[in-house]
Amino acid sequence: MRSLLALTVSLLALGGCVTENSYEGNDKPVVENTINNTGAARTRIALALEYLNTGNSSQAKYNLERAASFAPDLPEVHYSFAYYYQQVGEDTLADNAYQKALKINPNDPNTRNNYGVFLCGINEYDRATEQFIKAIEIPSYIRVAESYENLALCAIEFNDFEQAEKYFRSAIKHSSMRASSIISLSALYYAKSDLHKA
């Protein structure tokens, strides 16, 4: 009798672990959709940027909000929001969004480079330079030449031609075929009346 009771209890316990893979009365399997939140967020970011490029800022913002709901800790979400705010003239919100992205991942070189471009655009030369340098110093960063070029262009905006020349040279050292840096450095030499170097 005790063995029958033990067998009944164990069968009941096993019955609680069963997972149905089809609907009752139907052999068709249940398909469970799982979402890749990071992938979904990146898709929404891409849509947002397309909408922004076509001038549809309300749809851009909607898609960025959806991206944030999928992956609130993804730096791309916040620096994309920052870019959106830049485009609609909300500089304080853009600055806050960049800072939020950096709080999530202070070693994201794309955030630092983009933040530097933004800061240069709002006449914050020292802060911009700091962000570009921090991006360049991240060992895994592969777009170093682009950041040096951005640094040089920012230096030109603030009439710091000596630093601009230095930064263009560094950009070319990191990417000797970077035509935009070569042309810009030549233009800088020409503007300084150094025709031989130009």
Checklist outcome for this item: ARG169 and SER57 label points (each 7 Å along its Cα→Cβ direction) are spaced in nm at 4.2
Item to check | Residue among ALA155, PHE168, ILE142 farthest towards the positive dipole end of region 125-198, charges placed on Cβ | outcome: ILE142
Checklist entry - What is the extension gain from ALA191 to VAL88, computed as 0.36 nm multiplied by their sequence separation minus the C-alpha to C-alpha distance, in nm to one decimal? => result 33.7 nm
Checklist entry - How big is the convex hull of the Cα atoms of region 54-198, per residue, in Å³? => result 123
Item to check | Fraction of alpha-carbon pairs over 16 Å apart in region 125-198 - percent | outcome: 45
Next on the checklist: Using 0.36 nm times the number of residues separating PHE158 and SER69, minus their current alpha carbon distance, what extension gain do you get?
Outcome noted: 28.1 nm
Next on the checklist: Treating only the Cα positions of region 52-125 as identical point scatterers, give the base-10 log of I(q)/I(0) from the Debye formula at each q in 0.16, 0.19, 0.21 Å⁻¹.
Outcome noted: -0.52, -0.73, -0.88
Item to check | Label point distance in nm, ASP126-ASN105, each placed 7 Å from Cα along Cα→Cβ | outcome: 3.0
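Values quoted throughout were computed directly from the atomic coordinates according to the rules given, and no laboratory measurement underlies them. This one's a predicted model, so the numbers in the text were calculated from it and none came from an experiment. So basically every Cβ, Gly included, is an ideal-geometry build from the backbone, and we count neighbours across all protein chains shown.
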